[in-house]
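The values are calculated or read from the model by the stated rules, or taken from the named source; none is laboratory data. Bear in mind that the values here come from a model prediction, so they are computed numbers and not experimental data. Ideal geometry is used to build each Cβ from the backbone, glycine not excepted, and the neighbour counts take in all protein chains shown. Just so you know, the surface numbers come from the protein's heavy atoms only, side chains and all, with ligands and any DNA or RNA stripped out. Shrake-Rupley method; radii C 1.70, N 1.55, O 1.52, S 1.80 Å.
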Amino acid sequence: MRTDAAQWSLRAQVAADAINAGFGHRLLGLPGTWLAHSRCPTRRSFSPWAEWNYWWQAHYLDALVDSAWRQSTEQSSRTGRATRGAFRAAGRPTDRADPFLQARRLLRTIRLRNFLRLTNNYYDDMAWLALAAGRMDAMFSIVHSSSHNPGARGTNGMRCGRRAGRVLGTQLARAHTNDLGGGIFWSRKRDYKNTPASGPSALYFARNGQPDRAQSLVDWLRDTLYDPGQGLYLDGVHPQAAGPEIERTIYSYNQGPVLGAMLELGGERNLAHAADLIDAVARQLTAKTVENEVLENDGGTRSPLRLHGGGDGGLFTGILIRYLSFAARHSALPERTRRLAADLVLDTADELWAGRRTDPKPAFSSDISLPAEVSYRAGQPVELSTQLQAWMTFESAFQLSRPLAGNCVGVVG
């Protein structure tokens, strides 16, 4: 039997609480700020300016939006309307547990910590934050419009997200040039165009009224960085005097936003390619065995997705899972494809939960084949990236239990 929605909600909340309590903090103790440490516990000599993972914070914002959507839909199923009251009804402290409030504070604090700028030197980083801010805006808009008593917090959240989207979207558009035939530059050095920047940028443009620009990026990716033999997208292309040089590394996270962009744009060709990409992910990026045993799940073979260790790689599979969850509820895809996407999400979520470490506090593994007590031994610092990945995966598993309403597409994908 598959885990039901209530259990996935509980598991997602366990991961959320562990991150908010273990990693979340006020910047320099300032009221109204919220940010996440990169590891827990932090170094004794930690300085808030010593280490900065801008794009990890963007995915923390994404996870808070997931949490807000989950809490709102659960409350809505009981009251018949979206609301921010779920946490208050549970009697939890609003400033520490309300994901709406945390999301708004986090986006504001990212700018503060980033020396009063929303931008940085990497276009893929900016694309992730633009997407997260857009989802936050959409979430606030839904709840604000549905509430019988919309308050200033909702409108403040919408303004914050929209402002971030405008600033970051302008940067992404400037990085979209005809060099190398199209695509988005990776950094301000403008010496490499790649899937990590072009994929999420395409999805951003698709969601923000620029479908032609989005489609041109999807077409460029298909023409330039798609490997038909593997059915997956390669990492990028370097301009060289002798001609373009392809970086052929395959990363799981590169597949996710390209999948999301094709689903957002729709159309027969995009949807056919999306279905092919999901098939390729299932063939190429799964851990066919866990601890050297083939696992059985509801009469079939369980194939969780591979993870990519710690550091930046600790987020890679979680990002792919976000868009597989979107695909699993996309009515225009074939039933077989939707079922395959859902199985990939749920199998991975099952393994992450089963391998969790609970002593002294919840932690989730950075390796799908190892329990967390091995990948993160007692006393070893746990990285934010790997824990966000687990949280994102549990939220995605929960989302599979809910229909994808038309006004929620920009929130849950």
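Annotations
- Sorted into 5 angstrom bins from 0, the C-alpha pair distances of segment 200-272 split as 3, 16, 25, 25, 16, 10, 4, 1 percent.
- Cut-off 13 Å, label 7 Å out along Cα→Cβ of Asp179, residues of segment 119-138 by amide N: 123
- Accessible surface ranking that places the most exposed of Arg248, Arg70, Arg222, Arg188 first, with a 1.4 angstrom probe: Arg248, Arg188, Arg222, Arg70
- Under 17 Å from Lys193, Cα to Cα: aspartates and glutamates that are on another chain or at least 8 residues apart: Asp124, Asp125, Asp179, Asp219, Asp223, Asp227, Asp235, Glu245, Glu247
- In summary, the aspartates and glutamates within cross-link reach of Lys288, defined as a Cα separation below 14 angstrom excluding same-chain residues under 8 places away, comprise Glu296, Asp343, Asp347, Glu351, Asp367.
- Most to least accessible of Lys193, Lys288 (protein chains only, probe 1.4 Å): Lys288, Lys193
- Rounded accessible area of Thr358 (nearest 10 Å², 1.4 Å probe): 90
- Segment Asn114..Lys189, full-extension length gain: 25.1 nm, with 0.36 nm per residue of separation and the alpha-carbon distance subtracted.
- Net length gained if the chain between Leu30 and Ala354 were fully extended (0.36 nm per residue, minus Cα distance): 112.9 nm
- A probe of 1.4 angstrom, applied to the heavy atoms of all protein chains, finds Glu245 with accessible area near 100 square angstrom.
- Computed with every protein chain present, the accessible area of Ser141 is close to 30 Å² [probe 1.4 Å].
- Rounded Å value of the spacing that divides the Cα centres of segment 329-385 and segment 14-55: 22
- Among Glu395, Glu373, Glu351, the order of accessible area from largest down is Glu373, Glu351, Glu395, computed with a 1.4 Å probe on protein heavy atoms.
- FRET efficiency, 1/(1 + (r/R0)^6) with R0 35 Å, evaluated for Thr170 and Asp227 via beta carbons: 0.60
- Per-selection Kirkwood Rh - segment 1-41 (Cα, Å, 1 d.p.): 11.8
- Computed from the C-beta positions of Arg159 and Glu268 and an R0 of 41 Å, the FRET efficiency is 0.60 to the nearest 0.05.
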